[in-house]
Structures are given as structure tokens and as C-alpha cells.
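Taking it in order: structure first as C-alpha cells, then the write-up.
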Amino acid sequence: MELFRRDGAIRVVISDSDIVLASQRVPGRFSEIFERHAPRVEAFIISRIGTTAKDDILSETFLAAFRYRDKFDLAAESALPWLMGIATRMIRRHSSDEAKHWRSLTASAGLAAEIAPDDLAAAAIRVDAQAAVRELAPRISALRDRDRDLLLLYAWGDLTYEQIAEALAIPIGTVRSRLSRIRANLSAPPIFGAAALPSSDIKGEPAWTL
């Protein structure tokens with residue numbers, strides 16, 4: 001719990017851990033976790049699977065989180081990685097919807113390749129990881145499930161290496177080594193080059209340079 005002063009008043013900021021712990025006694029308190037994190041989780045779900053099943057997956061994610069809230073690591077700073085991990089597992093249950101979404105992204109990437117010149121000027125405008133993932137949609141859709149999950153938690157979930165490790169319950173060293181291998185396997189185009197992206201990102205990790 002953190003105290004800070006704003007406009008002369010002291011306001012109490014309750015941590016996610018405090019809320020989850022309180023919800024074990026007063027279940028209704030868990031709605032505060034939904035209010036805090038639902039927009040980020042929903043955006044990640046839409047990026048992964050489109051809008052068709054996003055309401056179902058969002059509901060399934062928070063229902064599972066509520067049911068198993070006693071398993072939440074109260075030492076964690078944020079519930080977001082935990083929720084993203086649950087959402088990732090729920091997305092697996094909708095594999096047909098995800099496959100359809102990736103086919104759409106792949107088709108879009110192919111169309112863009114036909115109408116846009118493949119030069120540095122065109123590539124320079126696509127400077128974020130989300131655009132890069134769309135460009136690589138055919139190759140990413142062919143990745144093993146576990147590799148695609150890890151990659152997209154970083155690119156679309158905007159999680160740090162530490163948070164990805166928490167979300168997937170794997171060591172941070174595994175996150176680093178698998179991302180390195182995925183980057184090598186994807187054989188990225190110039191969009192990922194130094195001219196397109198800075199050498200480091202705001203999350204304190206190496207920038208998206210495959």
C-alpha cells in the first residue's frame with residue numbers, strides 16, 4: 001500500500017496483491033482487478049484472435065482468475081502478467097478462431113507486399129513491434145504454439161522479459177534464449193534494422209531487432 005499527496009489530500013493506492021487478498025474475504029473486491037486490467041487484456045486478445053470471440057475469452061480469463069485467485073503470487077507487483085498468462089491459455093481453446101485471424105493477417109501482409117514498394121522509405125514508417133508482427137504473419141503463424149505465445153506477449157502484450165517469465169511460468173533465461181532463437185528463425189526483413197528502431201525500448205529490454 002502506497003500513500004501519496006495530491007492537491008493537499010492523502011490518497012491510498014491499493015496494490016493488485018492487496019486487492020486479490022481482500023477478494024478472498026470479500027469476493028466483490030475482485031472487480032477492481034477487472035477495472036484495472038481488462039482494457040490491456042482485451043487489446044491483447046483482439047490482437048491475437050480478432051473480435052469474433054474476444055468477449056468470450058475475456059470473460060473466461062477473468063472467471064478463471066477469480067476462481068483461482070488464491071493461487072496468485074501475492075509478492076507480484078502487478079496482476080497483469082498473471083492475467084495475460086491465463087488469457088494465452090484461453091486463446092489456445094479457440095484455436096480455430098486464431099487460425100482464421102492469422103489467415104486474415106497473412107492475406108493482408110501479402111496484399112501490402114503487392115501494393116507497397118519494398119524499400120527503406122516504406123519500411124521506415126512501420127516502426128513498432130505490432131506492425132512488424134503483421135509483416136511476418138505467415139512465418140509467425142507457422143511457429144510452435146509456445147513460441148508464438150512468448151513472442152506475442154512481448155510484441156502485442158507489451159510485457160517485459162520478467163513479466164513474460166511470470167505469465168508463462170518459465171525462467172527468465174528461457175524467455176531470453178527462446179526469443180533469440182525465434183528472432184533468428186524468422187529471418188526478419190529490414191523493418192527491424194537500426195534505421196527503423198532505437199537500440200533499446202521503454203521497457204528496459206533490447207529493442208525489437210530480430
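Bear in mind that the values in this text are calculations on the coordinates, not laboratory data. All figures in this text were calculated on a predicted structure; none of them were measured in a lab. Glycine also receives a Cβ, built like all others from the backbone with ideal geometry; neighbour counts cover every protein chain displayed.
Working ranking of peptides 27-37, 148-158, 43-53 by packing, defined as the average number of other Cβ atoms within 10 Å per residue, highest first, is 148-158, 43-53, 27-37. A simple spin-label model places the labels of Ala22 and Arg183 4.1 nm from each other, with each point 7 Å out along Cα-to-Cβ. Measuring r between the beta carbons of Arg144 and Phe66 and using R0 = 22 Å, the FRET efficiency lands at 0.15.
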